[in-house]
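Working notes for the structure below.
The values are calculated or read from the model by the stated rules, or taken from the named source; none is laboratory data. Note that the structure is predicted; figures quoted are calculated from it, not measured. Don't worry about glycine lacking a Cβ; one is built from the backbone with ideal geometry, like all the others, and counts go over all protein chains shown.
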């Protein structure tokens, strides 16, 4: 056993590096005292080390800690996505003026971001229901606190409280579902669950109940309807950096865990064919439930987004809609579907972070989040507004941007699995989404500025960060072969 | 009815009954103390399942820790003696229907399902086994739980630290 | 089945009787010793040396009028002292007050409930004892009572941590949560001469535990919950008659139980050192064990009483500072050192 644990530790280095970063960040915060904004550099250093360890895991397919965690291409892919988004969030936070409201605690802020990342790293690899739950709670608790970080602002306090209460209810549902599943199968690791389900010796109704409760728990984390209701308030009230992090990284980790759970637990390995199309065990047709949820999520997200005037709230609803699109990949039960989901996350990371970052820059300068105040900004801050336009085009899914490629592959996967209706609805939704994205665009470029028409200057580092997000968004829209190949190669999970 | 069944039903009724008081009492202190009996009842049920370690841990953590803090919090609120919870009943009909459906489904599931049951066995001591599992098979969840608690603690301190002047609304 | 129940019942009755008598006489002892320290005489009128004083006290308390304040919460006001006393007495159930004794051809363990997790049971019940006080303070609807019970809750919660962590050291040395194992483990000798009592094996843990135990029992120098100059009587300001008596009883019962726990965990329990070197009959051995236990408990009890009349009370912030900044790290340090030594000895 001791050897096995030591061996596992050597394959667990990214997470250990994050834990060490967390501890160092706490100590650094104590030592630096007044200059505690420098904790950010500690965190960046920690993230660099973590990323190196992650990259060294490419190509491995192992299970560690007595089947608790899998180190496989699937997990590594998501860990890279998470690490990249972690870097961006730390850079954003160093720029964000909103965070100054609680300056004294900025050390804890960075520390909690690391804690959240640690939770998400474990989420994407966990293969045991117990550990999945713990990891989910770790990242959730850190994000509850972060959502209320600027607690002086009433919105932020409200956001945090709502988040905690809904979060508690949903993790209660999740653990209830898990306990029923354990009662049926007698296993907490998902391979054991799968083995027990394949014998066919269980009551379908109990499995259905467990499945619905677990979907409710996961659905909360990835904001799919009808478990999305907390997110607009939280996204609006939380500091914008955290909103962006929740909208991208937290969703990616949640989806990764959900994919792994559903795929490994409910797959019928006897019917696993070479073309990457799989079948589920009898008794629980969860893809139909998920399809309904996907339709609901994207429609609701888009329809409500039309009426929003607050940019953060608009992006919140837009990210709900995107969760709906992404969920389609899980509905179709093919490796192609999952690969396109993973691809979507890469693209989504850049374009969504870009939109959030520019909203943050504008809020830094003009102290507004109202879309009406964006009127004529195109003349006052041309570079930033053009970048924003690209990000919005990409979020809509118009070529030649990354968003188009992401949507294209996703829709193709859904069509080739024969879900034509689903694609039709998604396409209609894309058209609807055009409406509210264009509204921002129109305000920025087609309306003359009123009142103050002076140019707005941004610092060099801000511009560099904009380009760091802008270039991939355009680049992946033109040259996407490699990233598609990478996503398709990373579908492989341990044990399948 | 043998002695075991008698004790089981006694503690089950105690647990559920006091849980009802927790929910329906309008006085928050009563709710808190009723919760104590719920926890006690659950601990007793654990004892009946040969889970002595879990039972005492339940007492130690829930009754001795969490509930004390809840009561502490209640007593520190301004109008200690007359904290009336504002429990309005909204949407009575849909809520009742929804609850009834959920409850019916759960009860049906619990009674109709063929659960995966571990064969009856008398345990002498469970502590050693639990300890061995915690540092072998379950070492990772245990460590993660440790980090989780650290984060929760720092977060709680951060939330509670008094360094603001007044809530300002945007 | 019936036989086991009967034996348990007899044990409970005997222990309860002895315990309640001991409680009454520890009150007497406290008054005599305080008088001695303050150069007074103390109660000496009822019976020889005032030995019947406890009986007179009890009679007085029983016949006093029971007053419940008008705005108090009657049911909880009544319940609070009962909880206090019950918890104190229930803790005694797992303490071994002797090894085994053979009566009428039947070997009887001198412990009421021989459970696997005795140490945890003690900790669990000591954490519950806060309810009696919290309930009393709240239900009295009196600011002094409430302040007292708030202080007590905070104090108990803070010191419970060091209490529990100090015990972890003992558990590590013993390798078991059974209290009879804890005692058995202390019947060895260190270097062949020194009895392997945990107070020698675990000096830091011992000090931490004793201090925390004082705080848990709300004894001087930690008796802030009932600090007379500030809070009138603390949580039992609004209690009279028999219910006040129950609180009084509970306080001393807590003291005795705490002494018994200290004895069991750290002072070798019922074991008299070096007695195993001489040859005595098993029956005599059992009786010597019980007597040793009683004497040890009495000595610890006297120590607690002497402390009360010699050391001034802490200020509240000092109390909290001590609990969190000194005791808590010390208990952690103890665990660390214990682990290190155990690893080296392996």
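At a glance:
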quantity: Matching option when the condition is more than 11 Å from every other protein chain (Cβ to nearest Cβ), out of contact with any strand residue (DSSP E or B) (no Cβ under 7 Å at 6 or more places or on another chain) and either free of Cβ contacts under 8 Å to residues at least 24 places away in the same chain or closer than 20 Å to residue A:263 by Cα (or both), among A:180, A:165; calculated: A:165
quantity: All positions within segment C:254-307 that are buried (at least 20 other Cβ atoms within 10 Å of the Cβ) and more than 30 Å from residue C:211 (Cβ to Cβ); calculated: C:286
quantity: Qualifying residue in segment C:1-9 (condition: within 30 Å of residue C:282 (Cα to Cα), free of Cβ contacts under 8 Å to residues at least 40 places away in the same chain and part of a loop (DSSP other than H, G, I, E, B)); calculated: yes
quantity: Residues of segment A:109-133 that turn out to be in contact with a strand residue (DSSP E or B) (Cβ under 8 Å, 6 or more places away or on another chain) and within 8 Å of chain B (Cβ to nearest Cβ), as a count; calculated: 3
quantity: Residues located in segment C:148-175, provided they are within 10 Å of chain B (Cβ to nearest Cβ) and either assigned to a helix (DSSP H, G or I) or under 22 Å from residue C:244 (Cα atoms) (or both); calculated: C:149, C:150, C:153, C:154, C:156, C:157, C:160, C:161, C:164, C:171
quantity: Residue list for segment C:116-145, restricted to those being free of Cβ contacts under 8 Å to residues at least 40 places away in the same chain and farther than 13 Å from residue B:69 by Cα; calculated: C:121, C:124, C:125, C:143
quantity: Hits in segment C:90-128 - residues which are part of a loop (DSSP other than H, G, I, E, B), away from chain B (no Cβ under 14 Å) and in contact with a helix residue (DSSP H, G or I) (Cβ under 6 Å, 6 or more places away or on another chain); calculated: C:95, C:96, C:97, C:98, C:99, C:112
quantity: Test: residue A:187 is within 23 Å of residue A:260 (Cβ to Cβ) and either at pLDDT below 85 or buried (at least 18 other Cβ atoms within 10 Å of the Cβ) (or both); calculated: yes
quantity: Residue within segment A:385-401 that is assigned to a loop (DSSP other than H, G, I, E, B), surrounded by fewer than 20 Cβ atoms within 10 Å (Cβ to Cβ) and over 25 Å from the mean Cα position of the chain (by Cα) present; calculated: no
quantity: Of residues in segment B:64-99 being at pLDDT 85 or above and touching a helix residue (DSSP H, G or I) at 6+ places or on another chain (Cβ under 9 Å), the one farthest from residue C:129 (Cα to Cα); calculated: B:66
quantity: Positions within segment B:22-50 being within 13 Å of another protein chain (Cβ to nearest Cβ), outside any helix (DSSP H, G or I) and either touching a strand residue (DSSP E or B) at 6+ places or on another chain (Cβ under 9 Å) or at pLDDT 85 or above (or both), in sequence order; calculated: B:27
quantity: Residue within segment B:153-167 that is more than 14 Å from chain C (Cβ to nearest Cβ), farther than 26 Å from residue A:141 by Cβ, surrounded by fewer than 17 Cβ atoms within 10 Å (Cβ to Cβ) and modelled with pLDDT of 75 or more present; calculated: no
quantity: Any chance residue A:45 is within 14 Å of chain B (Cβ to nearest Cβ) and part of a helix (DSSP H, G or I); calculated: no
quantity: Every residue from segment A:141-155 that is closer than 16 Å to residue B:151 by Cα and either facing chain B (nearest Cβ under 9 Å) or surrounded by fewer than 24 Cβ atoms within 10 Å (Cβ to Cβ) (or both); calculated: A:141, A:142, A:144, A:145, A:146, A:148, A:149
quantity: Helices (runs of 4 or more DSSP H) contained in segment C:178-221 and holding at least 3 residues out of contact with any helix residue (DSSP H, G or I) (no Cβ under 7 Å at 6 or more places or on another chain), modelled with pLDDT of 85 or more and closer than 21 Å to residue C:95 by Cα; calculated: none
quantity: Given (1) modelled with pLDDT under 85; (2) in a helix (DSSP H, G or I), number of the condition residue A:290 does not satisfy; calculated: (1)
quantity: Residue in segment A:57-72 that is more than 14 Å from chain B (Cβ to nearest Cβ), part of a helix (DSSP H, G or I) and touching a helix residue (DSSP H, G or I) at 6+ places or on another chain (Cβ under 9 Å) present; calculated: no
quantity: Test: residue in segment A:353-372 that is in contact with a helix residue (DSSP H, G or I) (Cβ under 6 Å, 6 or more places away or on another chain), touching a residue at least 24 places away in the same chain (Cβ under 8 Å) and in a loop (DSSP other than H, G, I, E, B); calculated: yes
quantity: Residue C:79 facing another protein chain (nearest Cβ under 9 Å) and surrounded by fewer than 21 Cβ atoms within 10 Å (Cβ to Cβ); calculated: yes
quantity: Residue A:320 being in contact with a helix residue (DSSP H, G or I) (Cβ under 9 Å, 6 or more places away or on another chain), under 19 Å from residue A:418 (Cβ atoms) and assigned to a helix (DSSP H, G or I); calculated: no
quantity: Test for residue A:173: is it in contact with a helix residue (DSSP H, G or I) (Cβ under 7 Å, 6 or more places away or on another chain), over 27 Å from residue A:36 (Cβ atoms) and either surrounded by fewer than 24 Cβ atoms within 10 Å (Cβ to Cβ) or more than 10 Å from every other protein chain (Cβ to nearest Cβ) (or both); calculated: yes
quantity: Those residues of segment A:190-215 which are within 10 Å of chain B (Cβ to nearest Cβ) and within 24 Å of residue A:63 (Cα to Cα), in sequence order; calculated: A:196
